[in-house]
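A.B. asks: Okay, here's the structure, questions in a sec.
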Amino acid sequence: MCSGGDLIVNLIEYFVSNFTFILGYTWDHIKLVGLAIIIAIVIGVPLGIYCSVNKYAASTILQIASIMMTIPSLALFGIMIPVLSLINEGIGTLPAIIALVLYSQLPIIRNTYTAINNVDPDIRDAANGIGLTTFQRLIKVELPNAMPLIMAGIRTATVLNIGVGAIATLIGAGGLGGIIYQGILRTNNTMILAGAIAVAVLALIADLFLRLIENLFTPKGVKK
Amino acid sequence: MIHFNDVTKIYNSNVKAIENMNFTVEEGELVIMLGPSGCGKTTLLRMVNQLESITKGDIMLNGKSVWHSNKIEMRRNIGYVIQSNGLFPNMNIEDNAMIVPNLLGWDRKKMRDRFNMLMELVGLNPDEYRKRYPHELSGGQQQRVGVARALAADPPVMLMDEPFGALDPIIRTHLQEEFLQIQKELKKTILFVSHDIDEAVKMADKIALLKGGKMMQYAEPARMLNKPANSFVAEFVGQDRVLKSMSLYTVRDLANALTLKPVIESPDSQNINENLSLRVAISKILNQEADQLIVENDNGTRKGSITLDLIEQFLHREIKESV
């Protein structure tokens, strides 16, 4: 066992001497999660909007998304293997992205749905009474006012995916999980810790970055 | 013109919200629908711009049946003001006020001119407020913008759902008076929902009093106050209906109807302008501010004086005449 002081020194040494190595893994991680989130947004936001106009569909869709969330991540990756083996994609990036997209659906759909439902009914009434079409109402009034909550859902999904993405290495998807996994195999505490820290820092940076984007996309009058 | 022709609304196949409603809001008239909550006044208003469906009957807007109108197009031709103002928080004041012209595809220059003109009309400085957001404005200012927005595309018809209901009494009185001035100028056909009899008496050309989805009385304010059609109307307008009706007359109306008394110089007299409402005049006498009110016209020329018994005489006459 090494003392705390040694651990920190080792850790710093590890980061310095393996800088490009870690950067490579981080970049893989960003690509994996980034792609998954983009696909998740493209699917989840329209589904959330659809839920807000169709109450019957809403309960079913939210139900399914909730079930996705309850499946342990390792199990979900496991399920992907036999299913995608049918098209020879059992391991690698594709199953990982599919799993991450499925995981992100609940926060994105639920927040979009809630955000649009939470738009002040008087504002919706005014929009209707003035003569906006349903589509104009959505684009000009509901989405801009729902923006902060929708973005919060995307942020939650991203941070969640960065964590879950670390497990994706087990099905050969690469990413920062690889450092942790290698550390476990070699019983190298420094490596395990380095991987864990890198994942946490990435999650924090991603959250910060998305807050900036949220700020950019939120209309001035909606900011509190 | 808004014409209600046997309009009926039935909820859940048996609850009658509106029953065989027949009346007409003439061109340029301001009609206020009054009644206890749940009487169907807001439902009826929302049936005009089809936010509520019509079960039976027809509403004609300037000769065109709502059944044969395109909902979206029709709504853009109706000014709509609601109690909570319904301004869009994500848009600045100019975008809010100009939303309908924007949808109609007006050019920039025309919209800017229209915005400036409307803001002056509702008493706000256009350049000061143009780029501000609704939450930065007070309730009264927001409602002024709400009125400007409704007037933006110069619609012939306006629907107003308790537009001043959420404001404090002082601001409300201000806005009511300003809106009356605007209406004098623009002569819109307005259907207005209120629960405040004083507001109705002050502003309406005609009052429609509803109860349980049925019309109780449709008449000019003076007639409704002086000759209520039934006991419900009498109770709704209140025991003080005669006093209320006095705010409908000015001192000049009295001077025109009756001969004023000669002016007797005394310390207990006070000068009043002939445009003063009779309600204020009688309050002055009852408050013991003066026994005799000396009526002056705008040039300051004395026309004579009024006393309590002269007002009483005038009321007798008016109440009898309005039969």
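The values are calculated or read from the model by the stated rules, or taken from the named source; none is laboratory data. The structure displayed is predicted, hence computed values, not measured ones. Virtual Cβ from ideal backbone geometry, glycine too; neighbours counted across all protein chains shown. SASA here: full protein model, heavy atoms, side chains in, ligands and nucleic acids out. Shrake-Rupley method; radii C 1.70, N 1.55, O 1.52, S 1.80 Å.
A.B. asks: Using only DSSP helix segments of four residues or longer, with each worth -39500 (n - 2.57), what per-residue ellipticity at 222 nm results for chain B after dividing by its residue count and rounding to 500?
C.D. replies: Numbers: 15 runs with 129 residues, N = 323.
Theoretical 222 nm ellipticity from helices: -11000 deg cm²/dmol.
A.B. asks: Mind scanning B:Lys211/B:Lys320; A:Lys55/B:Lys71; B:Lys187/B:Lys284 and naming the pairs with a C-alpha gap bigger than 31 Å? Intermediate results must be reported in sequence, preceding the final value.
C.D. replies: Numbers: B:Lys211/B:Lys320 27 Å; A:Lys55/B:Lys71 24 Å; B:Lys187/B:Lys284 33 Å.
Pairs exceeding the cut-off: B:Lys187/B:Lys284.
A.B. asks: Need the C-alpha centroid separation for region B:122-139 versus region A:55-109, integer Å.
C.D. replies: Between the Cα centre of region B:122-139 and that of region A:55-109, the gap is 49 Å.
A.B. asks: Shifting gears a bit: Just the number, please: buried accessible area between A and B, total of both chains, 1.4 angstrom probe, nearest 100 square angstrom. Kindly include the intermediate steps, with their values, before the conclusion.
C.D. replies: Numbers: alone 12220 and 15540 Å², together 25950 Å².
It comes to approximately 1800 Å² buried between A and B.
A.B. asks: Once amide H atoms are placed 1.01 Å from N in the peptide plane, what residues at a sequence separation of 5 or more from B:Asn92, or on another chain, have their amide H within under 5 Å of its amide H?
C.D. replies: Under 5 Å from the amide H of B:Asn92 lies no amide H from a residue far enough along the sequence or on another chain.
A.B. asks: Could you estimate the translational diffusion coefficient of the protein assembly as shown from the Stokes-Einstein equation, with Rh from the Kirkwood formula over C-alpha pairs, at 10 °C and 1.306 mPa s, in whole µm²/s?
C.D. replies: Details: Rh = 28.8 Å.
So the translational diffusion coefficient is about 55 µm²/s.
A.B. asks: May I ask for the net charge around B:Leu45, where only other residues with Cβ less than 9 Å from the Cβ of B:Leu45 are counted and Lys, Arg are +1 while Asp, Glu are -1?
C.D. replies: On the way: positive: B:Lys41, B:Arg46; negative: B:Glu52, B:Asp161.
Result for the local shell: 0.
A.B. asks: Percent of alpha carbon pairs in chain A separated by more than 21 Å?
C.D. replies: Numbers: 15323 of 24976 pairs.
More than 21 Å apart: 61 percent of the Cα pairs in chain A.
A.B. asks: Hey, another quick one. Considering only protein heavy atoms, what per residue accessible area in square angstrom results for the protein assembly as shown with a 1.4 angstrom probe? Before the final figure, lay out each step's value.
C.D. replies: Numbers: 25950 Å² over 547 residues.
Counting only protein heavy atoms, the per-residue value for the protein assembly as shown is 47 Å².
A.B. asks: In degrees, nearest 10, range 0 to 90: what is the angle between the Cα axis of helix A:121-130 and the longest Cα principal axis of chain A?
C.D. replies: Between the helix axis and the principal axis of chain A, the angle is about 50 degrees.
A.B. asks: In addition: When the accessible area of region A:91-224 is split by element with a 1.4 Å probe, what percent falls to carbon and sulfur?
C.D. replies: On the way: 3860 of 5660 Å².
Ligands and nucleic acids excluded, carbon and sulfur reach 68 percent.
A.B. asks: If exposed means no more than 13 neighbouring beta carbons inside 10 Å and the site is in a DSSP loop, what's the longest run of chain B without any exposed GluC sites (Glu not before Pro)? It would help to have the intermediate numbers written out before the result.
C.D. replies: Values: sites that count: B:Glu26, B:Glu27, B:Glu265, B:Glu289.
Answer from the scan: B:28-264.
A.B. asks: From the gyration tensor of the Cα coordinates in chain B, what semi-axes in whole Å does the equivalent ellipsoid have, largest first, with each one equal to sqrt(5λ)? Walk me through the intermediate numbers first.
C.D. replies: Values: eigenvalues 296, 149, 50 Å².
The three semi-axes for chain B are 38, 27, 16 Å.
A.B. asks: Can you list residues whose amide H is under 5 Å from B:Ile82's amide H, if they're 5+ apart or on another chain and H is modeled 1.01 Å from N?
C.D. replies: The list, which skips near neighbours in sequence, is B:Asp161.
A.B. asks: Please compute the average number of Cβ atoms from other chains found within 10 Å of each residue's Cβ in peptide B:81-87.
C.D. replies: Working: counts 2, 5, 1, 6, 3, 12, 4.
Per-residue shielding by partner chains comes out at 5.
A.B. asks: To continue, here is another question. Would you mind checking which residues have amide H under 5 Å from B:Ala219's amide H? H placed 1.01 Å from N; only 5 or more apart, or other chain.
C.D. replies: B:Ile207, B:Leu209
A.B. asks: State, in angstrom, two size descriptors of region B:65-194 derived from its alpha carbons: Rg to one decimal place and Dmax to the nearest whole number.
C.D. replies: 14.1, 43
A.B. asks: Quantify how strongly other chains surround peptide B:101-110 by giving the mean number of their Cβ atoms within 10 Å of each of its Cβ atoms. Write out the running numbers ahead of the final one.
C.D. replies: Details: counts 0, 1, 6, 1, 0, 0, 0, 0, 0, 0.
Mean partner shielding for this stretch: 1.
A.B. asks: Here is a follow-up. Across region A:1-125, how large is the tail of the calculated P(r) beyond 20 Å, expressed as a percent of all Cα pairs?
C.D. replies: Details: 4743 of 7750 pairs.
Of all Cα-Cα pairs in region A:1-125, 61 percent lie more than 20 Å apart.
A.B. asks: Among DSSP beta bridges lying fully in the protein assembly as shown, give the percent that are antiparallel, nearest 5. Spell out each step's value before the answer.
C.D. replies: Working: 25 of 48 bridges.
Here the share of antiparallel DSSP bridges comes out near 50 percent.
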